[in-house]
1. To the nearest 10 Å², what's THR91's accessible area with a 1.4 Å probe?
2. What trypsin sites (Lys or Arg not before Pro) in region 1-110 are in a loop by DSSP, with at most 12 other Cβ atoms within 10 Å of the Cβ?
3. Evaluate the relative contact order of the chain (contact order divided by residue number), counting alpha-carbon pairs under 8 angstrom at least 6 apart; express in whole percent.
4. What cysteines in the chain have no other cysteine with a beta carbon less than 4.7 Å from their beta carbon?
5. Might you work out the accessible area of SER90 for me, using a 1.4 Å probe with all protein chains in place, and round it to the nearest 10 Å²?
6. Just the number, please: carbon plus sulfur as a percent of the accessible area of the chain, 1.4 Å probe, no ligands or DNA/RNA counted.
7. Return the whole-Å distance between the Cα centroid of region 70-89 and the Cα centroid of region 1-37.
Amino acid sequence: MLKFISQYPQPVSVSIMWYTPNCPDGGDWTKKGWWNLAPGESKVVHTADLDDVNRFWCYFAHAADGAVWAGDIARMAPPEKFEWCEWTSSTDANQIGYRLQDVGDADDFTITLTP
């Protein structure tokens, strides 16, 4: 299970990406978003045993005040809720940078978003 906890003082939105070999619309990853977390809130965003899927997961988060938790894995994502293969896009999508997270051999992993 992959869970996010927000310790940030503003609302935060989260998107994740996970390994999905031969995703039907192209690529080997699936990206999904958005989960909205209020300050102090936690949410489970994926229920699988993580290491059964892959030891590497990706996430991107942004706060209402403009703060971001990002990395250098650039993919397109729309502003509304979505679940797409990694190379799927739309005319209203924007490029975001996913951060790579190594969960090792953990079945469950929690990412805490802090100031």
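The values are calculated or read from the model by the stated rules, or taken from the named source; none is laboratory data. Since the model is a prediction, treat every value here as computed from it, not as a measurement. Don't worry about glycine lacking a Cβ; one is built from the backbone with ideal geometry, like all the others, and counts go over all protein chains shown. The accessibility values were calculated without ligands, DNA or RNA, using every heavy atom of the protein model including side chains. Shrake-Rupley method; radii C 1.70, N 1.55, O 1.52, S 1.80 Å.
1. 150 Å²
2. Qualifying residues, ordered by number: LYS81.
3. Details: 298 pairs, mean separation 42.1, N = 115.
After rounding, I find 37 percent.
4. Unpaired cysteines in the chain: CYS58.
5. Only protein atoms counted, so the area is about 40 Å².
6. Numbers: 2820 of 5860 Å².
Whole-percent figure for carbon plus sulfur exposure: 48.
7. Each part's Cα centre sits 9 Å from the other's.
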